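So the structure is just underneath, and the comments pick up after that.
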Amino acid sequence: MEERKLRELLNSLNLDEKIGQLIQLSGEFFSAKDVSLGPQKKLGITKEMVDLCGSVMNVVGAKETHRIQDANLKNKKHPIPLIFMSDIIYGLKTVYPIPLGLGATWDPDLIQKAYRNTAEEAYASGNQVTFAPMIDLARDARWGRVLESTGEDPYLNSRFAESMVKGFQEDLPKYGIASCIKHFAAYGAVESGREYNATDMSENRLRQYYLPSYKAAVDAGAKMVMSSFNTLNGVPVTGNKWILKDILRKEWNFDGIIISDYAAISELVAHGFAQNNKQASKLAMDATVDIDMKSPCYANELKPLVTEGELDEKKIDDAVWRVLKLKNELGLFEDPYRGSSEELEKKSVLTPEKRQLARKVSTEAMVLLKNKNNILPLNPKDDKEIALIGPYENEHELLGLWAVHGDRKETVTIKDGFKTYLSSDKLLTAKGTDILRDKSMLKGIGLSEEQIEKIVSSDSVEKENNNKALEIAKKADIIVFAGGEHTIESGEAGSRGNLTLPDNQLQLLNKLFELNKPIILVNISGRPMILTDIEPKLTAIIQAWFPGTEGGNAISDIIFGKANPSGRLSMSFPYAVGQLPVYYSQFSTGRSVKTSTHSSRFMSKYLDIPNDPLYSFGYGLSYSKVSYDNLRLSSKEMNGESDKIVATIDLQNKSNVDTTETIQLYLQDKFASIVQPVKELKGFKRVNLKANEQKNVSFDITSDMLKFYGPDNKLTIEPGEFNVFVGPNSDTDQYDSFELK
Ligand code: BGC
């Protein structure tokens, strides 16, 4: 539709019709049955407002979206198409590993392709917007939503933010889906890692570390932004004019839609920031929140606010304009179904090509954390019996909590994968134990007795499971233990204070350790877990995350050496919960354990645990051995902002196995008017190295990489000395220095 016509449409709408465009409701409001006594009554809004609603959340599938759209368009004075938005976070039907695993690929280009495929599935299924990517910087593994993030580093997160947005929106406006980035802002820094909690931080820290990934996504063209649940320095984001209006809209020129998180406008009252829903609506409007997701606020309060003169209708017009513009840009006025159909859906979802890509992504996401005596890869031709034990042995739930639309039946289990490599006489399998047996925790999550019974077996069945596992373990030469967290223990509202494997799994593992056989742990989890106590007794550890639809194949490809592991952690694995938040790019303290001359007690450290995590950011092994030598800089001086320095390092694959190595560049600004981290990632390259191949790899260091937010919170650059580190992970200590003149 021409812009002029769209304006005419806006001008022809009455106040109720306009407000309707700013309301988002969930699928149950559009059920074929009468909804007046159910969801409508519960939310407390009128039937008229339901009928005028402008967007629908979390309805997926061409059939259902068509039905709802048809009903919406019927008998309306202004038949404005609905827009369908969903949480399509890391795959719709073809599910990839959780984003923390995607971060571990260090391969944004590959993830762009994966998200392009997801957009295709979503498009065919009648969705036009995804509430993704979630790009919150995440440094506290207690927070269950680290699952949704690509990790602890602003630079790495920014590269993924761009690639994910581009993947979703690649073929907009014709195909593809619009991306709604979230949770803006600094939701990843909620205090104590507790869900829905408060964030408090200096503006300097916010700008330097927490905002860059959102900015990168906005610059990549994201069409929407979701405001986060948290308070930011005391002001809930959903009513926070400073972060939403001054920074997002004015400084960053974002003119797309801002949507609240689920019921977050009404939660301004619960926060103690607004007296009632009316004031909450006014505050959200003043902060330019355009769409109210699933709260009664806008539906009930905007009209009285306008008629009583408390809210300028122009603000409503601006918000409606942004909504109509997106609908128009997506071509919904020309085709309200946007080409979706059941037929197209069948052709698009879970195709062999899409599964193949998912298998590759999943394989690249696996991180090999330990491989004593090079026990891995296993050779399926060896005359050895392998016992596959553990609750994830034949488990279809490998998708993780946020794959809400994924079909568990389509998942390749680890056992399925193993069977493609091993003949039945060499493969022994047993579940051994449940994933989780903590009934009080499950009750706390709100599960019914019936649901709990499905998760927790009776004591006698548990005993039988244990015995069977021990029996096969005794026969086998090598044990693969597939364990980890339960899906419901991570993701939204999945904060935890203990990050070890569940007790029942540890008990079984301890019995297995007594057999003195090599044990390989395949750890399935939505977060970095604490593996400190069991690590010394394990021969190998593969961090597999929730690996997605092709998870079982990918795990088997790694274990049996079809693929050489190339994943690198995008978030540190803590040594103990007491370290959290733990991340590599800490500030130098006045009393660093590494450099201070104070006596050992009076240093910045814990008395009972080390400062360093068990496995640091960037860490991961492969089946090859690569050496890094002879780091050199093209010059020891950078003369002004237009100059650049080239850092080069020699690599050699000192093994007979081809590999892909992720070379990481870190910088340290040694003295600055705001203290800078001991090391910061500024670049990385994935490089293929054939067996025994030598290569050198170079990075350009430009003045942009040396900028930081100064004492006045403006980007600045200061002359002085910089250290340049190049290596395989953030622990690297190979460095050289230069001076910026
Ligand atoms: C979550 C968002 C999600 C929304 C809609 C909220 O509870 O915080 O991430 O997009 O629900 O499902």
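Worth a mention:
- Summed over the range 690-741, residues that are in contact with a helix residue (DSSP H, G or I) (Cβ under 8 Å, 6 or more places away or on another chain) and assigned to a strand (DSSP E or B) total 4.
- The residue of the range 282-310 that is nearest to the ligand (Cβ to nearest atom), among those that are of a type in the set (S, T, N, Q) and more than 25 Å from residue 134 (Cα to Cα), is 300.
- Only one of the listed residues (415, 431, 463) is among the charged types (D, E, K, R) and within 28 Å of the chain's Cα centre (by Cα). That residue is 415.
- Restricting 122, 104, 114 to those that are more than 14 Å from residue 160 (Cβ to Cβ) and either among the hydroxyl-bearing types (Ser, Thr, Tyr) or surrounded by 24 or more Cβ atoms within 10 Å (Cβ to Cβ) (or both) reduces the list to 122.
- Wholly enclosed helices (runs of 4 or more DSSP H) of the range 265-351 bearing at least 3 residues out of contact with any Cys (no Cβ under 8 Å at 6 or more places or on another chain) and of a type in the set (Asp, Glu): 313-329, 342-348
- All positions within the range 146-157 that are more than 14 Å from the ligand (Cβ to nearest atom) and within 23 Å of residue 400 (Cβ to Cβ): 150, 151, 152, 153, 156, 157
- Identity of the residue in the range 177-193, more than 17 Å from the chain's Cα centre (by Cα) and in contact (Cβ under 8 Å) with a residue 12 or more places away in the chain, that ends up farthest from the ligand (Cβ to nearest atom): 192
- Unique residue being more than 15 Å from the ligand (Cβ to nearest atom) and modelled with pLDDT under 95 when the list is 172, 110: 172
- Verdict on residue 497 being surrounded by fewer than 16 Cβ atoms within 10 Å (Cβ to Cβ) and modelled with pLDDT under 95: no
- Lone unmet requirement of (1) without any contact (Cβ under 8 Å) to a residue 12 or more places away in the chain; (2) of a type in the set (Asp, Glu); (3) within 16 Å of the ligand (Cβ to nearest atom) for residue 70: (3)
- Boolean, residue 204 is more than 16 Å from the ligand (Cβ to nearest atom) and either in contact with a strand residue (DSSP E or B) (Cβ under 6 Å, 6 or more places away or on another chain) or of a type in the set (Phe, Trp, Tyr) (or both): yes
- Qualifying residue in the range 640-652 (condition: surrounded by fewer than 14 Cβ atoms within 10 Å (Cβ to Cβ), in a strand (DSSP E or B), hydroxyl-bearing (Ser, Thr, Tyr) and out of contact with any Phe, Trp or Tyr (no Cβ under 6 Å at 6 or more places or on another chain)): no
- Residues of the range 85-107 classified as more than 16 Å from the ligand (Cβ to nearest atom) and over 22 Å from residue 330 (Cβ atoms), total: 11
- Residues within the range 187-201 that are among the small types (Gly, Ala, Ser) and either surrounded by fewer than 24 Cβ atoms within 10 Å (Cβ to Cβ) or farther than 18 Å from residue 147 by Cβ (or both), tallied: 2
- Some residue of the range 680-689 being touching a helix residue (DSSP H, G or I) at 6+ places or on another chain (Cβ under 6 Å), within 17 Å of residue 727 (Cα to Cα) and either touching a residue at least 40 places away in the same chain (Cβ under 8 Å) or outside any strand (DSSP E or B) (or both): yes
- Single condition residue 56 does not satisfy, out of (1) within 27 Å of residue 1 (Cβ to Cβ); (2) surrounded by fewer than 23 Cβ atoms within 10 Å (Cβ to Cβ); (3) among the aliphatic types (A, V, I, L, M); (4) under 24 Å from the mean Cα position of the chain (by Cα): (2)
- Qualifying positions in the range 21-42 - under 15 Å from residue 302 (Cβ atoms) and either within 15 Å of the ligand (Cβ to nearest atom) or within 27 Å of the chain's Cα centre (by Cα) (or both): 23, 24
- Checking each residue in the range 16-46 for being without any contact (Cβ under 8 Å) to a residue 60 or more places away in the chain and part of a loop (DSSP other than H, G, I, E, B) picks out 31, 32, 33, 34, 35, 36, 37, 38.
- Residue match in the range 18-36 (condition: among the hydroxyl-bearing types (Ser, Thr, Tyr) and more than 19 Å from residue 294 (Cα to Cα)): no
- The residue that is surrounded by the fewest Cβ atoms within 10 Å (Cβ to Cβ), counting only those in the range 267-290 that are touching a Lys or Arg at 6+ places or on another chain (Cβ under 9 Å) and under 18 Å from residue 19 (Cβ atoms), is 286.
- Residue that is touching a Pro at 6+ places or on another chain (Cβ under 9 Å) and either modelled with pLDDT under 95 or farther than 26 Å from residue 193 by Cβ (or both), where the choices are 434, 477, 459: 477
The values are calculated or read from the model by the stated rules, or taken from the named source; none is laboratory data. Since this is a predicted model, take the numbers as computed values, not measurements. Heads up, the Cβs are rebuilt from the backbone with ideal geometry, glycines too, and the neighbour counts pull from every protein chain shown.
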